[in-house]
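Each remark here refers to the structure printed beneath this line.
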Amino acid sequence: MTTPYWLDEPARELPGGGAGGHVDVGIVGAGVTGCACALVLAQSGVSVRVVDERRIAEGASGRNGGFALRGTAAPYDEVVASVGRERALALWRWTESEIDALEELAGDAFRRVGSLRLAVGGEEREDLRDEIEGLWADGLDAEWIDAPGGALAGRFTAAIRHPTDGVLQPARWVRRLAGLAADAGAEFVEGRRVADPDELDADTVVVATDGYPSGLLGELEGLIVPTRGQVVATEPLAERLFEVPHYGRHGFDYWHQAADGRLVAGGFRDVALEQEFTADEAVTDDVQGSLERFVNELVGRTLRIDYRWAGIFGLVLDFLPVVGPAPGQPATWVAAGYSGHGNVLGFACGRLVARAIVGDRDPLLDLFEPARLLGT
């Protein structure tokens, strides 16, 4: 079935919003970013309305692989090279603290089990070695695994264990986050598309749709590139083989076991890379076939695939989020461009925007400035 595994459980019904009257802040998108932003704003006494053309968490927040990872989509040593050691370290420490905050709020939707970044072959092993040397040099916790064993033996040449990380039931998490925001006073309007920021009747608008095109961002439209990620979930396995989130081949393959034993695996965009730069959520035979063969090889037998789905994330070429007022639109903020790491970065950036709106601007926003995408 093409309903994402994560969305195939009951959701709490929130009070219906009338979408009437002026609010201080209007948020477009009821995923992790929009809900995190709404919670902080509502707790700060700001009137806030969240509007989504679907239901809460039905976009990327309910369609991903369920990873909660520190940092960005780029390895730590590469971020040091591009933005400098001081800012890279601040960015990594910030995401670690945001995972701590997520853990406090998420309840049984989050398990902090660490993660494994795996090397396939000698070249990727050297890349991992460069990354862990950078992590260690700056006092960041990481463990080198020279020869992964168990079900990984013979397939991978090395791994880095990141103990800070974990796995999510992402739809449950975002629905819980929305519930907390609603309890704090945020209004939610589902099933309505916003075509113009003025429709929200708000002093400030936050566009939190990540890779899904909104049509609300002027010159930025298309520069946060819609990119499709496809995922499968197998039948439940009796044995626990992959407790932690695993990712290899520079992030093109990723998998873990959910709490009920299902193997959740995604990736393989590179088998048809050009066709995956799209906002179409359809699954495709070539990527799905590769995923199916992959999970069968991992386990050593043919597995039944119970769920197949796709979601859209926003890819940015420098792998840094895009957060701040949209160029030429000072009353419209954007928080997007997580390049596939939206479960943590989306939560963190939603909170970052909310704090900035109420007057507590973090210096990290200088690093995430949207105008950089325009070369200004």
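The values are calculated or read from the model by the stated rules, or taken from the named source; none is laboratory data. Keep in mind that this is a model prediction, so the values were computed, not measured. Glycine also receives a Cβ, built like all others from the backbone with ideal geometry; neighbour counts cover every protein chain displayed. Surface accessibility is based on the protein's heavy atoms, side chains included, excluding ligands, DNA and RNA. Shrake-Rupley method; radii C 1.70, N 1.55, O 1.52, S 1.80 Å.
Numbers at a glance
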{"read-out": "Linear extension gain, residue 371 paired with residue 9, 0.36 nm per residue minus alpha-carbon span", "value": "126.3 nm"}
{"read-out": "Additional length obtainable on full extension of the chain from residue 286 to residue 153, 0.36 nm per residue less Cα span", "value": "45.2 nm"}
{"read-out": "Degrees separating the helix 32-43 axis from the principal Cα axis of the chain, which is the longest one", "value": "50"}
{"read-out": "Potential extension, residue 260-residue 361 segment - 0.36 nm per residue separation minus Cα distance", "value": "32.2 nm"}
{"read-out": "Pairwise label distance in nanometres, residue 143 with residue 238, each label 7 Å out on the Cα-Cβ vector", "value": "2.9"}
{"read-out": "Per residue, in Å², the accessible surface of segment 256-376 once ligands and nucleic acids are set aside, probe 1.4 Å", "value": "37"}
{"read-out": "Where a label projected 7 Å from the Cα of residue 225 along Cα→Cβ would reach, residues of segment 69-90 with amide N under 18 Å", "value": "73-75"}
{"read-out": "Computed over segment 244-376, the ratio Rg/Rh where both radii use C-alpha atoms and Rh is Kirkwood", "value": "1.06"}
{"read-out": "Between segment 98-158 and segment 19-71, the Cα center-to-center distance that results, in Å", "value": "29"}
{"read-out": "Within-9-Å neighbourhood charge of residue 163 [Cβ basis; K, R +1; D, E -1]", "value": "-1"}
{"read-out": "Accessible area expressed per residue, segment 168-251, with surrounding protein chains retained (probe 1.4 Å, Å²)", "value": "37"}
{"read-out": "Degrees separating the helix 342-357 axis from the principal Cα axis of the chain, which is the longest one", "value": "30"}
{"read-out": "Estimated D of segment 54-97 in µm² per second, where Rh is the Kirkwood radius over Cα pairs and Stokes-Einstein applies at 4 °C, 1.567 mPa s", "value": "107"}
{"read-out": "Per-pair calculated FRET efficiency, R0 = 22 Å: residue 193 and residue 100 via Cβ, rounded to 0.05", "value": "0.05"}
{"read-out": "Rounded if a/c under 1.5, otherwise prolate or oblate - segment 115-201, Cα gyration tensor axes", "value": "prolate"}
{"read-out": "Cα principal axis extents for the chain, largest first, Å", "value": "61, 45, 38"}
{"read-out": "Dipole-positive endmost among 84, 326, 278 within the chain (Cβ charges, Cα centre)", "value": "278"}
{"read-out": "From phi via Karplus (6.51, -1.76, 1.60), per-residue ³J(HN,Hα) for segment 136-144 in Hz, x at Gly/Pro", "value": "4, 4, 9, x, 8, 6, 6, 10, 8"}
{"read-out": "Accessible carbon and sulfur surface of the chain relative to its total accessible area, %, 1.4 Å", "value": "49"}
{"read-out": "Global form of segment 76-123, assessed from the alpha-carbon gyration tensor, a/c cut-off 1.5", "value": "oblate"}
{"read-out": "Probe 1.4 Å, accessible area per residue of segment 85-153, Å²", "value": "47"}
{"read-out": "P(r) histogram, all alpha-carbon pairs of segment 1-63 included - 10 Å bins from 0, percent", "value": "20, 49, 24, 6, 0"}
{"read-out": "Cα-based shape type of segment 159-294, given that a ≥ b ≥ c are square roots of the gyration tensor eigenvalues and the cut on a/c is 1.5", "value": "oblate"}
{"read-out": "CD proxy at 222 nm, helix term only [per DSSP H run n ≥ 4: -39500 (n - 2.57); per residue of the chain; nearest 500]", "value": "-9000 deg cm²/dmol"}
{"read-out": "Student exercise, the chain dipole from Lys, Arg, Asp, Glu Cβ charges, in Debye to nearest 20", "value": "660"}
{"read-out": "Charge context of residue 294, other residues only, Cβ under 14 angstrom, K/R +1, D/E -1", "value": "+1"}
